[in-house]
Amino acid sequence: MKERIIMIGANGQIGSELATALRSRFGAENVITSDIREPHASREDEIFEIINVLDKSALKRLFEKYKPTQVYLLAAMLSATGEKYPQKAWDLNINGLLNVLDLALEFDIKKIFWPSSIAVFGPHSPKQNTDQYCVMDPVSIYGVSKLAGERLCEYYHHKYDLDIRSIRYPGIISWKTAPGGGTTDYAIDIFIEALKHGQYACFLSANTALPMLYMEDAVRGTIELMDAPSEQISIRSSYNLAGLSFTPAEIAEEIKKILPNFEMSYVDYDPRQAIADSWPASIDDSYARNDWSWEPKFDLASITEDMIANLKTNV
Ligand code: VAH
């Protein structure tokens, strides 16, 4: 059966690149991207629709128009912005998901992808090699909403046999689309500032180790998860997924290998530090490796090289 995909939240950091990969895989005519506002740029062959995922009747009309076989729900408010607008973050992250889950039942959607985050872990979760199952006491509304969303996904799978799949993304590093209000955004800002001004004042402290993943790995891993036979999927909340972990000091040293005059400094206070301090330093993703052969390809050196090579001509 021909696949037809609707992606909601396609203008974001992950959505924009995942949509490109899905178009090349399934054909542009079979990938309908949507978001709450027009994208900055789009090609002739791309299908785009304005949609507010909280407007269930509009979403239903979109499903009726395109009759999707798969839905990717990427619309969300991330950790840092969520702390400024907690009620909006909860509303978008949870009611948006509920709208999609309920319409997926009504339209018999074959597969759904919904991203969670390592933000579901908290100060009492293990700090190193945080495992798939452990204490999860998120301190951000983003993490609370993603943890609740994971429970909803598992519930809809077990109660209605909905094939919904999910990944707990670490911080995602990319150069094509600006990040959207996350705590890990420093790992992107640092490259832009290093190339523009030769210096960067980091909003996280030098030794704040966080799990990260390069966009190419994130997109490939997501498609590999969605391609896997359903019987191989043992996790129906959300898979831990890791690429690498590093601190601001470590990525600064890696940048200096290419830009020797780069100067790193650290701000005295930023509210995102408390969020970062509540998150794991590294992740155990053995379930993803065992269930669907997940394997990251990019390390800190290759990420740094690729980011600088591509941003050099784009900043
Ligand atoms: C954020 N980039 O910082 C997101 C991500 C693990 C972090 O979920 O909120």
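Count of region 238-296 residues, restricted to those that are of a type in the set (D, E), surrounded by fewer than 20 Cβ atoms within 10 Å (Cβ to Cβ) and either in contact with a strand residue (DSSP E or B) (Cβ under 7 Å, 6 or more places away or on another chain) or without any contact (Cβ under 8 Å) to a residue 24 or more places away in the chain (or both), is 5. Region 1-93 holds strands (runs of 3 or more DSSP E) entirely within its bounds, and those carrying 1 or more residues that are surrounded by 22 or more Cβ atoms within 10 Å (Cβ to Cβ) map to 5-8, 31-35, 70-73.
Just for region 133-176: of the residues that are assigned to a loop (DSSP other than H, G, I, E, B) and within 12 Å of R236 (Cβ to Cβ), which one is farthest from the ligand (Cβ to nearest atom)? This residue is D161.
Conditions (1) basic (K, R); (2) over 15 Å from I8 (Cα atoms), marked per residue:
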position: S57; (1), (2): no, no
position: K67; (1), (2): yes, no
position: L74; (1), (2): no, no
position: K84; (1), (2): yes, yes
position: G96; (1), (2): no, no
position: V120; (1), (2): no, yes
position: C134; (1), (2): no, yes
position: P138; (1), (2): no, yes
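Listed by first and then second residue, the pairs linking a residue in region 177-193 that is more than 20 Å from I255 (Cβ to Cβ) to a residue that is away from the ligand (no atom under 12 Å from the Cβ) and in a helix (DSSP H, G or I), with Cβ atoms under 6 Å apart and 6 or more places separating them unless they lie on different chains, are T177/S16. Do we find that M212 is part of a strand (DSSP E or B) and modelled with pLDDT of 95 or more in this structure? So M212 fits the description; yes.
Among the residues of region 167-221, just one is under 23 Å from N11 (Cβ atoms), surrounded by fewer than 18 Cβ atoms within 10 Å (Cβ to Cβ) and of a type in the set (S, T, N, Q), namely T177. Checking W279, W292 one by one, the residue that is modelled with pLDDT of 95 or more, aromatic (F, W, Y) and within 13 Å of the ligand (Cβ to nearest atom) is W279 and no other. Of the set (1) aromatic (F, W, Y); (2) over 26 Å from Y169 (Cα atoms); (3) touching a residue at least 60 places away in the same chain (Cβ under 8 Å), all apply to Y72 but (2). Within region 102-132, the residues that satisfy the criterion of being over 18 Å from the mean Cα position of the chain (by Cα), part of a loop (DSSP other than H, G, I, E, B) and surrounded by fewer than 18 Cβ atoms within 10 Å (Cβ to Cβ) are F107, D108, K110, P123, H124, P126, K127, Q128, N129, D131. Whenever a residue of region 75-95 is more than 13 Å from S140 (Cα to Cα) and within 13 Å of the ligand (Cβ to nearest atom), its partners that are in a helix (DSSP H, G or I) and of a type in the set (F, W, Y), lying with C-beta atoms within less than 8 angstrom and at least six residues away or across chains, give the pairs A76/Y142.
Restricting attention to region 231-277, the residues being assigned to a loop (DSSP other than H, G, I, E, B) and either among the hydrophobic types (A, V, I, L, M, F, W, C) or within 26 Å of F113 (Cα to Cα) (or both) number 13. Can N99 be described as at pLDDT 95 or above, part of a helix (DSSP H, G or I) and exposed (fewer than 15 other Cβ atoms within 10 Å of the Cβ)? The answer is no for N99. For Y186, the conditions (1) touching a Cys at 6+ places or on another chain (Cβ under 6 Å); (2) outside the structural domain of E253 (by TED's automatic domain parsing) are fulfilled apart from (2). For E224, the conditions (1) surrounded by fewer than 18 Cβ atoms within 10 Å (Cβ to Cβ); (2) not assigned by TED's automatic domain parsing to the domain that holds W114 are fulfilled apart from (2).
Hey, could you check region 112-132 for residues that are away from the ligand (no atom under 11 Å from the Cβ) and among the aromatic types (F, W, Y) and say which is farthest from P271 (Cα to Cα)? Selected residue: F113. For region 143-153, the criterion of being touching an Asp or Glu at 6+ places or on another chain (Cβ under 6 Å) and closer than 27 Å to E250 by Cα is met by no residue.
The values are calculated or read from the model by the stated rules, or taken from the named source; none is laboratory data. Since the model is a prediction, treat every value here as computed from it, not as a measurement. Cβ sites come from the backbone with ideal geometry, for glycine too, and all protein chains shown count toward neighbours.
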